[in-house]
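The next block holds one structure in the form of structure tokens; read it before the comments.
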Amino acid sequence: MFSLEREGDPGPMQERDIAILMGRVFDKNGIYINPYRNDTDKELADILVVTEDNLLFIQAKDSPNTEQILSRSIERKRKTIRSHINKASDQLQGALTYARDNDGVVIKGVDAPITISLAGRQLVGMVLVREMFDEDYPECSAPVLNIVRLLELPAVLLDYAGLHLVTQNLTSPALFINGLFDMLDVGLDNDTFPKVGCSYQPKEKSW
């Protein structure tokens with residue numbers, strides 16, 4: 001699914017790939033790539049998924065897959081990943097706050113603005129990075145858990161491999177969202193998100 005050779009800005013290909021994965025679970029008509037706020041012309045999220053029950057904001061970060069990037073030291077890769085998560089978390093917090101404070105979002109459409117009302121929908125956030133080192137999960141989790149505690153809204157941290165497994169195994173919107181809530185429960189209990197490595201059936205719950 002994800003190319004091993006990428007020059008330049010990885011964003012467009014990355015976002016397309018994420019949208020394809022989300023299309024395993026959600027109606028493709030409810031998946032928006034790079035939605036822009038109508039009031040500011042600023043990007044709201046990398047991916048926005050709209051269902052009857054949820055507004056899911058995904059903020060993703062990656063680096064170009066060049067020989068120079070791939071040959072970086074492990075420590076430098078760790079620092080880059082942590083920096084990506086910090087930046088994505090700040091952007092996600094902004095998107096969730098905007099949606100909460102305005103009871104929904106208004107994004108640019110081809111012919112006219114698209115208004116998506118909160119209307120009882122649950123706001124959910126996700127920070128997505130290419131990879132994380134096992135021993136860095138606690139530090140990487142902290143910025144996302146800070147959003148959860150500050151806004152009292154659910155948000156999770158995943159890597160690409162984890163998202164692939166989740167969308168492969170939890171193939172309905174309800175199962176997928178409940179799976180995210182399971183991950184969040186673990187994250188809050190342990191101050192670190194779990195590494196997704198196997199399939200499971202989440203418990204039915206809501207935030």
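The values are calculated or read from the model by the stated rules, or taken from the named source; none is laboratory data. Quantities reported herein were computed from a predicted structural model and do not represent experimental measurements. Don't worry about glycine lacking a Cβ; one is built from the backbone with ideal geometry, like all the others, and counts go over all protein chains shown. Please note that ligands, DNA and RNA were not included when accessible areas were found on the heavy atoms of the full protein model with its side chains. Shrake-Rupley method; radii C 1.70, N 1.55, O 1.52, S 1.80 Å.
Okay, here's what the table says:
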quantity	calculated
Heavy-atom accessible area per residue - region 105-174, 1.4 Å, Å²	42 Å²
Peptide ranges 28-41, 136-149 listed from the most packed, as the mean C-beta count within 10 angstrom indicates	136-149, 28-41
Binned Cα-Cα distance frequencies in region 90-207 - 10 Å width, integer %	12, 41, 34, 11, 1
Square roots of 5 times each gyration tensor eigenvalue, C-alpha, region 38-150, largest first, Å	30, 17, 11
Accessible carbon and sulfur surface of region 90-149 relative to its total accessible area, %, 1.4 Å	47 percent
Average Cα contact separation per residue, region 18-176, under 8 Å, 6 or more apart, as relative contact order %	25 percent
